[in-house]
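The values are calculated or read from the model by the stated rules, or taken from the named source; none is laboratory data. Model, not experiment: these values are computed from the prediction. With ideal geometry, Cβ positions are generated from the backbone for all residues, glycine too; neighbour counts draw on all protein chains shown.
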2 protein chains.
Amino acid sequence: MNPSIKQLKAFVAVARSRSLAEASERVHLSQPALSIAIRKLEETVGGPLFARTTRQLSLTPEGEAFLPVALRLLNDWEEAFADLNELFSKQRGKITLAALPTLAAGLLPGIIADFRERYPRINLSLHDVLADEVNQQVREGRADLGFSVPPLASEDLVFEPLVVDRYVMICPLEHPMLGQPSVRWEQLAGFPFIGLNRLSSVRQDIDRIMEEVGQPLDILCDVNQIATVGRMVAAGLGIGVLPSLSFRQIATDGIEQRPLVAPTIRRELGIVMRRRDPLSAATSALKAMIRETANRSCHGP
Amino acid sequence: MNPSIKQLKAFVAVARSRSLAEASERVHLSQPALSIAIRKLEETVGGPLFARTTRQLSLTPEGEAFLPVALRLLNDWEEAFADLNELFSKQRGKITLAALPTLAAGLLPGIIADFRERYPRINLSLHDVLADEVNQQVREGRADLGFSVPPLASEDLVFEPLVVDRYVMICPLEHPMLGQPSVRWEQLAGFPFIGLNRLSSVRQDIDRIMEEVGQPLDILCDVNQIATVGRMVAAGLGIGVLPSLSFRQIATDGIEQRPLVAPTIRRELGIVMRRRDPLSAATSALKAMIRETANRSCHGP
DNA sequence: CACACTTACGATATTCGTAAGGATT
DNA sequence: AATCCTTACGAATATCGTAAGTGTG
């Protein structure tokens, strides 16, 4: 026979008021029920916690010694479950995100703002890193959610598409390519090219396609920031290729764009998660919010 | 709806084995019962602790965070009740006694030895002090049990008689008083007297009686130790008065004794306790042992 | 006689185990 | 086919409240 939380609460209430009648009100129990609860508790612990004189209750030395322990036990108990409840009710928690710079700067800020307004006590942290690093952080649990391109066939990661982006060529105003409504990839070979970091997913896409069409790019230089590509192109140094969503995030004065075709590349962007580990309640709520936003803005796959 | 200890134990068991089937054996519960217990716990805490895939269970981030907390909670719980149980089963505890030197040296050593053999883990401490100090220590809760003469009418103390002692006169061998089988108190006035400390209950008894019989004592000196009285008397310095029980505790070579009569004083010795505060289980056991010993040795009141 | 705790007993609620169902490996 | 979790349902257990009992001030 084991003691229960209720019995412990009963003990504390009686110990404090030294009266069953008074304590029974505090515990929302009838007097006889309380009497029995105390008796059962005493049976399980092996001795009397109270000394009875038919009309009065007082703590035995053992009861006296146990009272502070019981209080601590109950406090810890309540606190532990209150904490857990806060976690589930999203009044507390921490979410770590890893996202491609494009998404970190484009899709996420608005969503994060909404999320923060709804759940202000949830701690959010966002790592804007390249695709491989996004996947790596998710894989290792350093990020709860990743925003990236689909990871290479990976046992432990799962990808959920969010939006589909397409590549555009960007060039200075009055560039010869602007005479046509769209640009074929193979045509890129004829001009100096401002490229992104070779490790970026955008650049790897581009290199792969150019290899497929059999034309080498004339790389003028590689840069890390998308905005830098834009400025260099605006300055007339060459042309570049950016995802359409990235293009919207940079200053476009002095730049024109044309869609890239033949082939038309679908750049799928979405959520990366660990396959087995479930999401926390807060992370799950954030993900739902993201899905909703993505669907509403009609960029769905 | 509140969580229960059983549910917490169920959670821990399942979290450890990541399987209901395996955990159900450890908890001595059927698989369905465990399933329901977990489900109810999850309902009360407001969210899933485990992620289910019909065939496999894994901890959610919240469950992961809660597991160590749950373990601590259960540990504290078990420990608290184990401690309490030790107290009641007298495998642990502390008893502080206060006793007159006569009793501390006479009645108690044997009883304490027996008690210690039976309950070796109970910590015993014995203060051998004068009657007033015995009562004071009991009154203030510094001692759990006192052994003394009956306290002056006292609201908060209660006295239970154990043994009755009588006073004897002691004198050197071949003393003139030895010619008679008993000595009257008034006869004490004629000889140099070795007295005990004026604060001792023995001395206060003697002074009171001598006042009643109207004869002043011829005090040679006052000493603190009973054994000292004996040696001074043996050296022929004078006569003395001791309780019979005390007399048995000292070296008696060179000393003779005679009972004191007219009046014959009953020196009642017994247990002093606080009236309202109940005894601890250990103290109660010790008291019972003392009563039994006192009754068996036929010194009952 | 009033008050405070205990005991008795019928009612309610919770929990349990067996049996059946559904999904995955 | 075997294993694992879930749902369904009747049974056992525990707990509760009302009512009656007991001893004290």
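Structural remarks
- Residue satisfying all of: in the stretch A:1-27; more than 14 Å from chain B (Cβ to nearest Cβ) and under 22 Å from B:Phe81 (Cα atoms); nearest to DNA strand C (Cβ to nearest atom) among these: A:Val14
- Within the stretch A:245-300, being among the basic types (Lys, Arg) and either under 13 Å from the mean Cα position of the chain (by Cα) or farther than 30 Å from A:Asn85 by Cα (or both) holds for A:Arg248, A:Arg258, A:Arg266, A:Arg267, A:Arg274, A:Lys287, A:Arg291, A:Arg296.
To keep it simple, each residue is scored yes or no on (1) of a type in the set (Asp, Glu); (2) in a helix (DSSP H, G or I); (3) over 15 Å from the mean Cα position of the chain (by Cα).
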{"site": "A:Ala98", "(1), (2), (3)": "no, no, no"}
{"site": "A:Thr102", "(1), (2), (3)": "no, yes, yes"}
{"site": "A:Gly110", "(1), (2), (3)": "no, yes, no"}
{"site": "A:Gln137", "(1), (2), (3)": "no, yes, no"}
{"site": "A:Ala143", "(1), (2), (3)": "no, no, no"}
{"site": "A:Phe147", "(1), (2), (3)": "no, no, no"}
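- Hits in the stretch B:25-44 (condition: closer than 23 Å to A:Phe88 by Cβ, near DNA strand D (Cβ under 10 Å from one of its atoms) and surrounded by fewer than 19 Cβ atoms within 10 Å (Cβ to Cβ)): B:Ser35, B:Ile36, B:Arg39
- Checking the stated criteria, A:Thr283 turns out to be in the same structural domain as A:Gly110 (by TED's automatic domain parsing) and not in a loop (DSSP other than H, G, I, E, B).
- Within the set B:Arg166, B:Arg203, B:Arg248, B:Arg184, the sole residue that is touching a Leu at 6+ places or on another chain (Cβ under 9 Å), basic (Lys, Arg), in contact (Cβ under 8 Å) with a residue 60 or more places away in the chain and closer than 30 Å to B:Gly146 by Cα turns out to be B:Arg166.
- Which listed residue is among the aromatic types (Phe, Trp, Tyr) and either loosely packed, with under 15 Cβ neighbours inside 10 Å or within 16 Å of DNA strand D (Cβ to nearest atom) (or both), from B:Phe81, B:Phe115: B:Phe81
- Failed item, numbered, when B:Asp76 is tested on (1) modelled with pLDDT under 95; (2) out of contact with any strand residue (DSSP E or B) (no Cβ under 9 Å at 6 or more places or on another chain): (1)
- Residues that are assigned to a loop (DSSP other than H, G, I, E, B) and either hydrophobic (A, V, I, L, M, F, W, C) or surrounded by 12 or more Cβ atoms within 10 Å (Cβ to Cβ) (or both), drawn from the stretch B:267-280: B:Arg276, B:Asp277, B:Pro278, B:Leu279, B:Ser280
- Leading residue by the ranking (nearest to A:Glu133 (Cα to Cα)) among those in the stretch A:265-298 that are among the basic types (Lys, Arg) and modelled with pLDDT under 90: A:Arg275
- Qualifying position, being surrounded by 14 or more Cβ atoms within 10 Å (Cβ to Cβ) and more than 26 Å from B:Ala282 (Cβ to Cβ), among A:Leu57, A:Leu20: A:Leu20
- Looking across the stretch B:28-44, the residues that are near DNA strand C (Cβ under 8 Å from one of its atoms), in a helix (DSSP H, G or I) and within 48 Å of the chain's Cα centre (by Cα) come down to B:Leu34, B:Ala37.
- Selection from the stretch A:192-216 of residues that are surrounded by fewer than 18 Cβ atoms within 10 Å (Cβ to Cβ) and in a loop (DSSP other than H, G, I, E, B): A:Asn197, A:Arg198, A:Leu199, A:Gly214, A:Gln215, A:Pro216
So that you can scan it fast, the table gives a plain yes or no per residue for (1) at pLDDT 95 or above; (2) more than 30 Å from B:Thr283 (Cβ to Cβ); (3) within 14 Å of chain A (Cβ to nearest Cβ):
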| residue | (1), (2), (3) |
| --- | --- |
| B:Asn135 | no, no, no |
| B:Ser154 | no, no, no |
| B:Met169 | yes, yes, no |
| B:Ser201 | no, no, no |
| B:Val213 | no, yes, no |
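- Residue selection: B:Ala99 satisfies the criterion of being buried (at least 22 other Cβ atoms within 10 Å of the Cβ) and either away from chain A (no Cβ under 11 Å) or modelled with pLDDT under 95 (or both).
- Enumeration of residues in the stretch A:45-77 that are more than 8 Å from every other protein chain (Cβ to nearest Cβ), within 16 Å of DNA strand D (Cβ to nearest atom) and part of a helix (DSSP H, G or I): A:Leu74
- Complete set of residues in the stretch A:1-24 that are among the charged types (D, E, K, R), within 11 Å of DNA strand D (Cβ to nearest atom) and either in contact with a Ser or Thr (Cβ under 6 Å, 6 or more places away or on another chain) or without any contact (Cβ under 8 Å) to a residue 40 or more places away in the chain (or both): A:Lys6
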